[in-house]
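Visitor: Pasting in a structure now, in structure tokens, and then I'll have a few things to ask.
The values are calculated or read from the model by the stated rules, or taken from the named source; none is laboratory data. Just so it is clear, the model here is predicted, and its values are computed rather than measured. Please note: Cβ atoms are built from the backbone with ideal geometry, for glycine as well, and neighbour counts cover all protein chains shown.
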Amino acid sequence: MKSKSFKELIVWQKAHQFVLAVYKMTKSFPKEELFGLTSQSRRAAVSIPANIAESYRKRGKSDKARFLNISEGSLEECKYYLILTADLGYANIDKEKELAEKVSKLLNAYSSKILSSDS
């Protein structure tokens with residue numbers, strides 16, 4: 001069954017949950033990180049579902065794949081920010097790390113399906 005909106009995609013839903021978790025986590029970061037780790041973490045996290053949404057209406061397989069690849073890159077960037085967050089002692093990252101892994105698996109599967117499709 002074909003979805004009618006990017007919001008119906010499980011990968012987008014999980015990516016959106018990840019963004020909300022990152023925003024909640026970064027709320028407690030030190031004020032001096034506002035334009036550093038807080039801003040960078042949020043920007044990279046938002047890029048994940050935003051690029052999934054943008055890929056949704058692209059017609060060509062290569063266009064879709066390009067935006068999904070940008071999402072994958074932003075997700076990897078977020079994984080590093082989570083490591084840094086833990087190493088700096090700013091937050092427990094267990095929930096965010098688990099969500100990031102779920103999104104990674106879903107995004108990989110969705111990208112593979114797009115690339116292997118006939119349309």
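Visitor: Considering 86, 100, 91, which residue is outside any helix (DSSP H, G or I), modelled with pLDDT of 95 or more and closer than 16 Å to residue 21 by Cα? Give the steps one after another, and end with the answer.
Guide: Values: 86 fails: outside any helix (DSSP H, G or I); 100 fails: outside any helix (DSSP H, G or I).
Selected residue: 91, the only one of 86, 100, 91 that is outside any helix (DSSP H, G or I), modelled with pLDDT of 95 or more and closer than 16 Å to residue 21 by Cα.
Visitor: Something else about it: Name the single residue that is modelled with the lowest pLDDT among those in the range 1-54 being part of a loop (DSSP other than H, G, I, E, B) and polar (S, T, N, Q).
Guide: 3
Visitor: Considering only the range 57-72, I want to know if a residue exists there that is in contact (Cβ under 8 Å) with a residue 60 or more places away in the chain and over 14 Å from residue 107 (Cβ atoms).
Guide: No.
Visitor: Still on this structure: List, please: which pairs have Cβ atoms under 8 Å, are six or more places apart or on different chains, and start with a residue in the range 81-110 that is loosely packed, with under 12 Cβ neighbours inside 10 Å and end with one that is part of a helix (DSSP H, G or I)?
Guide: 92/86
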